[in-house]
Amino acid sequence: MIKWEFFEKRRNIDLSVWIKDANIENYEQLVEILDSKGVEPPPKSYFQAAYAVAVPKIEKVAPVTEEPKEDEIIDKKPELRLERRSSKRKKQK
């Protein structure tokens, strides 16, 4: 079997890009693909680091289930107060 390091350099492979492109979801799936190619898999820690880059975790935000309280509902338009300018214009010298 070919060592991972040689295979990676020879084929100019970026594991994180390969994980994304091949839709690899776990280490076991990577091992199966590499076994079929006759390549020793990289250490699991190497895979985990590349996987974290390829598939970043997205924090889930809990949906809002409460309805807003009556005092929080804003249905009135704010009142606009416009100041009037004085009608007297300053005379220019």
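Only the coordinates and a few stated rules stand behind these numbers; no lab work does. Since the structure is predicted, the reported quantities are computational estimates derived from the model, not experimental observations. Note that each Cβ is placed from the backbone with ideal geometry, even for glycine, and that neighbours are counted across all protein chains shown.
A single entry from Leu30, Leu15 fulfils the requirement of being under 10 Å from Ala54 (Cα atoms) and either without any contact (Cβ under 8 Å) to a residue 24 or more places away in the chain or surrounded by 11 or more Cβ atoms within 10 Å (Cβ to Cβ) (or both): Leu15. Look through region 1-12, keep the residues that are outside any helix (DSSP H, G or I) and either of a type in the set (Lys, Arg) or within 22 Å of Val55 (Cβ to Cβ) (or both), and return whichever of them is farthest from the chain's Cα centre (by Cα). Restricting to residues being outside any helix (DSSP H, G or I) and either of a type in the set (Lys, Arg) or within 22 Å of Val55 (Cβ to Cβ) (or both), the top hit is Lys3. Anything in region 49-67 that is loosely packed, with under 13 Cβ neighbours inside 10 Å and either in contact with a helix residue (DSSP H, G or I) (Cβ under 9 Å, 6 or more places away or on another chain) or among the hydrophobic types (A, V, I, L, M, F, W, C) (or both)? List them, or say none. Ala52, Ile58, Val61, Ala62, Val64 - these are the residues of region 49-67 that are loosely packed, with under 13 Cβ neighbours inside 10 Å and either in contact with a helix residue (DSSP H, G or I) (Cβ under 9 Å, 6 or more places away or on another chain) or among the hydrophobic types (A, V, I, L, M, F, W, C) (or both).
Against the test of being in contact with a helix residue (DSSP H, G or I) (Cβ under 6 Å, 6 or more places away or on another chain) and within 17 Å of Met1 (Cβ to Cβ), the options Glu40, Glu32 yield a single qualifying residue, Glu40.
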